[in-house]
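K.L.:
To start, I am sharing the structure in question, which I have written as structure tokens.
The values are calculated or read from the model by the stated rules, or taken from the named source; none is laboratory data. Note that this is a predicted model, so its numbers are computed, not measured. Neighbour counts are summed over all protein chains in view; Cβ atoms, including those assigned to glycine, are modelled from backbone coordinates with ideal geometry.
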Amino acid sequence: MTSENLVEIKDLNFSYDKRPILKGINMTMPRGKVITIMGGSGCGKTTLLRLIGGAIKPSSGYVKVGGQIVHELDSDGLYQMRRKMSMLFQFGALFTDLSVFDNVAFQMREHTDLPEPVIRDLVLMKLHAVGLRGAHNLMPSELSGGMARRVALARSIALDPMLIMYDEPFAGLDPISLGVIGNLIRRLTDALGVTSIVVTHDVQESLKIVDYVYFVSEGVIVAHGTPQEMRESDAPFVHQFIHGEEDGPVPFQYPAEAYASDLKLERGLA
Amino acid sequence: MPRRIVTAIRGVGHRAIDGTWRLGYASRFFVLTLLKSATAFRRPHLIIRELYFTGVMSLIIILVSGLFVGMVLGLQGYETLQKYGSEAAVGTLVALSLVRELGPVVAALLFASRAGSAITAEIGLMKATEQLAAMEMMAVDPIARVVAPRFWAGIMSMPLLAAMFSAMGIFGGYLVTVVLIGVDEGSFWSQMQSSVDFQHDIVNGVIKTCVFGVAVTAIALFEGYDAPPTAEGVSGATTRTVVTSSLAILGLDFILTAFMFTGVN
């Protein structure tokens, strides 16, 4: 494939305790784009991110990042690759014993020999980019959910990665914070030239900012295309998901015995 | 009926396999911690920070407990010894009890409940809030950055805390027997000095505290690292730390005492 694609996923299968989670996933993610992976809770979206980050190994198939097959790397190789990628966790995962400043400076101190004045300037620049330069002295416990997410975003761009993965970046945010985070993802992707993979089930917010969408359901890709194509799609799953319909390919009722038989009404009905 | 028996046997088998697997996992974790300790020693501020949290923050409970244990020992010892007219030997009794047994054991039990539980809860919560996963995604090894500094800080703190416990206990015994009851001060100290042997009593006591330090800290770190990432999981792990550490301390104490003090008068 061309070097235009930063991430390539080919025939990827992953099972957990013999229970298949992902079944034959194929994806390509071009450089400099925002790609979103959508699907209901428990459909395997986060597992996909963990496979890209090398936290788990696939049962078969592969994930290639920057031309390297992730699961074939040894731990040194994996750590080298992870220096070029970062991940924004669902609730930020800030280090609670470090201040906002130290959280953003963490990777710089761990991986570089930059002098402290340079680190200070870089950290303040990263925090300025997410609008929280004034909060650098606060502790994570003093931040609101949206602010914590923004600090985590500043931390994830600390070493100018080539790939940023976002695990449910919109979960539990108020509408203002939601818009702020959405716009930041788009702006940072364009300004830094990174590739962003956003795993979410927030349809409206993500369709506004992304370049390409993959829909995953029960471990397989059921649809993919640009946001416009997805909005106009009449595929039943996509339609149900985008319009938030109660019943459809994803049923409202959990599989159960016939209602009448559960209520022991067969004799009365007969 | 046969099915019940099969289920019961299967249950025992499962437990045995799980237990062995967990023991293997814990041993591997312990070896990894030792192998990845270089980072902690290259950056001593990481260990110093943990020394403050595990050592300095445990000082108050250790000092106060030591004082009271020594005072009680003094009272009880005096009560018994005066019947035989040898109340001057109370200094020896207090010092030997503390340096050989009570100092290492009680200080280690207190250390397990104060610092061990805190280590487990902190690491368990770091895991539950994905901080350890985040660290790993930043290409920073959590065992090298989080576990190893705490491990070495625990090992360094334990003998120092036990020494302070014993010193405070001897002071407590002195307060009760010499200052309050009026035992002769000269014989209190001189008998203590002549009967406490540096090699057999103090060095062996220090070896005990080092072993307890390794056991308590390793258990606390492993339980935290292995805790299920839920509120229930972390609380269960914290409880297990205190229970397992306490049992390990008492078991190890018996073994060490058997080796160290057999045949010593």
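K.L.:
Looking at (1) in contact with a Leu (Cβ under 6 Å, 6 or more places away or on another chain); (2) without any contact (Cβ under 8 Å) to a residue 24 or more places away in the chain; (3) closer than 13 Å to A:Ile37 by Cβ, which is the only condition A:Val199 fails?
P.N.:
(2)
K.L.:
Please verify whether segment A:52-68 includes one or more residues that are within 14 Å of chain B (Cβ to nearest Cβ) and under 27 Å from A:Ser141 (Cα atoms).
P.N.:
Going residue by residue through segment A:52-68, those that are within 14 Å of chain B (Cβ to nearest Cβ) are A:52-56, A:65.
Checking the rest, the ones that are also under 27 Å from A:Ser141 (Cα atoms) come to none.
Looking for residues that are within 14 Å of chain B (Cβ to nearest Cβ) and under 27 Å from A:Ser141 (Cα atoms), one finds none in segment A:52-68, hence no.
K.L.:
Here's something else I'd like to know. Hey, among B:Val183, B:Val176, which residue is part of a loop (DSSP other than H, G, I, E, B), in contact (Cβ under 8 Å) with a residue 24 or more places away in the chain and away from chain A (no Cβ under 13 Å)?
P.N.:
On the way: B:Val176 fails: part of a loop (DSSP other than H, G, I, E, B).
Going through B:Val183, B:Val176 in turn, just one is part of a loop (DSSP other than H, G, I, E, B), in contact (Cβ under 8 Å) with a residue 24 or more places away in the chain and away from chain A (no Cβ under 13 Å): B:Val183.
K.L.:
While we're looking at this one, here's another question. So, B:Tyr225, is that one farther than 29 Å from B:His45 by Cβ and more than 13 Å from the chain's Cα centre (by Cα) or not?
P.N.:
Numbers: farther than 29 Å from B:His45 by Cβ: no; more than 13 Å from the chain's Cα centre (by Cα): yes.
No: the conditions fail for B:Tyr225.
K.L.:
Do we have any residue at all in segment B:45-55 that's away from chain A (no Cβ under 14 Å), closer than 30 Å to A:Ile56 by Cα and surrounded by 19 or more Cβ atoms within 10 Å (Cβ to Cβ)?
P.N.:
no
K.L.:
Okay, moving on. Mind checking which pairs have a first residue in segment A:14-39 that is surrounded by 15 or more Cβ atoms within 10 Å (Cβ to Cβ) and a second that is part of a loop (DSSP other than H, G, I, E, B) and of a type in the set (A, V, I, L, M), Cβ under 6 Å, 6 or more apart or different chains?
P.N.:
Cβ pairs passing all conditions: A:Val34/A:Val210; A:Thr36/A:Val210.
K.L.:
For B:Val146, are the conditions met, namely being buried (at least 22 other Cβ atoms within 10 Å of the Cβ), at negative phi and either within 14 Å of chain A (Cβ to nearest Cβ) or not in a helix (DSSP H, G or I) (or both)? Before you say what the answer is, go through the steps one by one.
P.N.:
Numbers: buried (at least 22 other Cβ atoms within 10 Å of the Cβ): yes; at negative phi: yes; either within 14 Å of chain A (Cβ to nearest Cβ) or not in a helix (DSSP H, G or I) (or both): yes.
Answer is yes for this residue.
K.L.:
If you check B:Leu247, B:Leu221, B:Leu161, which single one turns out to be part of a helix (DSSP H, G or I), surrounded by fewer than 23 Cβ atoms within 10 Å (Cβ to Cβ) and either modelled with pLDDT of 95 or more or among the aliphatic types (A, V, I, L, M) (or both)? Explain how you work it out, then say what you get.
P.N.:
Details: B:Leu221 fails: surrounded by fewer than 23 Cβ atoms within 10 Å (Cβ to Cβ); B:Leu161 fails: surrounded by fewer than 23 Cβ atoms within 10 Å (Cβ to Cβ).
None of the other options fit; the residue is B:Leu247.
K.L.:
When the residues of segment B:33-83 are filtered to those that are basic (Lys, Arg) and out of contact with any Pro (no Cβ under 9 Å at 6 or more places or on another chain), which remaining residue is nearest to B:Arg145 (Cα to Cα)? Spell out how you get there, then give the answer.
P.N.:
Taking segment B:33-83 as the starting set, the residues that turn out to be basic (Lys, Arg) are B:36, B:42-43, B:49, B:83.
Going one step further and asking which of them are out of contact with any Pro (no Cβ under 9 Å at 6 or more places or on another chain), we end up with B:36, B:42, B:83.
Numbers: B:Lys36: 9, B:Arg42: 11, B:Lys83: 58 Å.
Restricting to residues being basic (Lys, Arg) and out of contact with any Pro (no Cβ under 9 Å at 6 or more places or on another chain), the top hit is B:Lys36.
K.L.:
Just one of the numbered conditions (1) of a type in the set (A, V, I, L, M); (2) within 13 Å of chain B (Cβ to nearest Cβ); (3) in a loop (DSSP other than H, G, I, E, B) is not true of A:Leu173; which one?
P.N.:
(2)
K.L.:
I'm checking my understanding of the structure. Among residues of segment B:116-138 that are crowded, with 24+ Cβ neighbours inside 10 Å and under 17 Å from the mean Cα position of the chain (by Cα), which one is nearest to B:Thr257 (Cα to Cα)?
P.N.:
B:Gly116
K.L.:
Scanning segment B:73-115 for residues that are in contact (Cβ under 8 Å) with a residue 24 or more places away in the chain and aromatic (Phe, Trp, Tyr), which turns out surrounded by the fewest Cβ atoms within 10 Å (Cβ to Cβ)?
P.N.:
Out of the qualifying residues, it is B:Tyr78.
K.L.:
Picking from B:Ala258, B:Ala248, which residue would you name as being under 26 Å from B:Ile143 (Cα atoms) and within 21 Å of the chain's Cα centre (by Cα)?
P.N.:
Numbers: B:Ala258 fails: under 26 Å from B:Ile143 (Cα atoms).
Being under 26 Å from B:Ile143 (Cα atoms) and within 21 Å of the chain's Cα centre (by Cα) holds for just one of B:Ala258, B:Ala248, which is B:Ala248.
K.L.:
While we're looking at this one, here's another question. Which residue pairs have Cβ atoms closer than 7 Å, lie 6 or more positions apart in sequence or on different chains, and pair a first residue in segment B:121-140 that is more than 7 Å from chain A (Cβ to nearest Cβ) with a second residue that is assigned to a helix (DSSP H, G or I) and basic (Lys, Arg)?
P.N.:
Filtered contacts from segment B:121-140: B:Met135/B:Arg145.
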